[in-house]
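Visitor: Let me begin by handing over the structure; questions about it come next.
The values are calculated or read from the model by the stated rules, or taken from the named source; none is laboratory data. Quantities reported herein were computed from a predicted structural model and do not represent experimental measurements. Note that each Cβ is placed from the backbone with ideal geometry, even for glycine, and that neighbours are counted across all protein chains shown. Protein only, heavy atoms only, side chains kept; ligands, DNA and RNA dropped before computing areas. Shrake-Rupley method; radii C 1.70, N 1.55, O 1.52, S 1.80 Å.
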Amino acid sequence: MLLDPKVLMAIKSLPLLAKTVVDGFMNGFNKSTVKGPGLEFSQYRSYQPGDDLRWLDWRMYARSDRYYIRESEVETSISVRFLIDASASMNHSDGMLKKIEYARFLAASLAYLANLQGDAVGLYAFKEGSLFSLAAKQDPQHLQRLYYQLENIEPKGTFTKPVHYKELFAGSGRKEMLIFITDMYQPNGEITRLLDSLAALKHEIIVFQLMGQNELDFDFNGYAAVEDLETGEVVPLGNQAKAAYLQNLQQHIETTRMQLLGKHIFHRLISTAQPLDKALRDFLVQRNKGVI
């Protein structure tokens, strides 16, 4: 099932959208049962509604084209905190869809998944030199508050100036996952400083870097120039500019990926034209492997 984000824009309720995305992604799981060996688990069984999604075994899926749960005697919940870049560059659009809208869809769907499996969820929005925070909790009412805050994020200004990140994200000793949704646009290295601080805390960190497909392809037909949403700089367009841009972009993406890898931070580039089920699959594969 291809969950086109532009089609999902027709769903005005973010909770309903999140449920639609997750239900669509989970639809069709095979109900047959199989017993088999495992390095850490004694057996496999078919997925059933309400199962902990962290125990989906993608190696079994690759071999059998069917979805199985690895059974374990002990399952622990974690705290999942969503960090949303709400600076002005997240207002960039490819057609009707803005980066911030895709970020809302992705965060809401992953929060729904996390809540479904008993994890606490929290929300942090970085914009206009300030930081909004909603502490992580595990209950349905808190999830509704998270949806409400997601719906009301309006990107403005520049990325948050450095604050006491280590104190804010230190946690309470429980395992934490930090999911940062951003376009990685940082005129003065603001995002790098944030990630450096977070990496020192030894949490599991996943960075979803969002880019419009028109940015990835340098496809701005009908325009003579583009304007930087945060600095106001105007950049002329043309064939020569396109060639240089595409070369620099690929180098920038690879450099970003390698820098984050060096900090043990997982990086995934996502086009806002990419179906949400693909983004979710990437997330679950990474979560299942348990390594960066």
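Visitor: Mind listing the long-range amide H neighbours of ASP183? Cut-off is under 5 Å, sequence gap 5 or more, other chains count too, H placed in the peptide plane at 1.01 Å from N.
Guide: Long-range HN contacts for ASP183: LEU210.
Visitor: Go through the stretch 255-263 residue by residue and turn each phi into a ³J(HN,Hα) via Karplus (6.51, -1.76, 1.60, θ = phi - 60°); whole Hz please, and just put x for glycine and proline.
Guide: Calculated HN-Hα couplings, in order: 4, 4, 4, 5, 5, 5, 4, x, 9 Hz.
Visitor: Counting only protein chains, not ligands or nucleic acids, how are TYR148, TYR185, TYR165 ordered by accessible area (probe 1.4 Å), most first? Present the calculation step by step, with values, prior to reporting the outcome.
Guide: Numbers: TYR148 130, TYR185 70, TYR165 5 Å².
The ranking, largest first, comes out as TYR148, TYR185, TYR165.
Visitor: Continuing with this model, one more query. Given a Förster distance of 25 angstrom, what is the FRET efficiency for THR255 paired with ARG193, based on the Cβ-Cβ distance and rounded to 0.05?
Guide: 0.90
Visitor: Quick check for me: using +1 on Lys/Arg Cβ and -1 on Asp/Glu Cβ, what's the dipole size of the stretch 94-135 about its Cα centre, in debye to the nearest 20? The partial results should precede the final answer.
Guide: Numbers: 4 positive and 4 negative charges, 16 e Å.
Approximately 80 debye in magnitude.
Visitor: Follow-up. Cα-Cα over 27 Å: which of LYS161/LYS242; LYS12/LYS166; LYS99/LYS242; LYS12/LYS202?
Guide: On the way: LYS161/LYS242 32 Å; LYS12/LYS166 36 Å; LYS99/LYS242 22 Å; LYS12/LYS202 37 Å.
Over 27 Å apart, Cα to Cα: LYS161/LYS242; LYS12/LYS166; LYS12/LYS202.
Visitor: What does the highest-first list of 271-279, 11-19, 79-87 look like by mean Cβ count within 10 Å?
Guide: Values: 271-279: 20.8, 11-19: 16.8, 79-87: 25.3.
Most protected by this proxy first, the peptides run 79-87, 271-279, 11-19.
Visitor: Share of the stretch 85-228's accessible area from carbon and sulfur, percent, 1.4 Å? Don't skip to the end; give the middle numbers.
Guide: Working: 2920 of 5950 Å².
Accessible surface attributable to carbon and sulfur in the stretch 85-228 totals 49 percent.
Visitor: What full-extension length gain, to one decimal in nm, is calculated for LYS12 and SER93 as 0.36 nm per residue of separation minus the Cα-Cα distance?
Guide: Values: separation 81, 0.36 × 81 = 29.16 nm, distance 1.85 nm.
Taking 0.36 nm per residue and subtracting the Cα distance, the gain is 27.3 nm.
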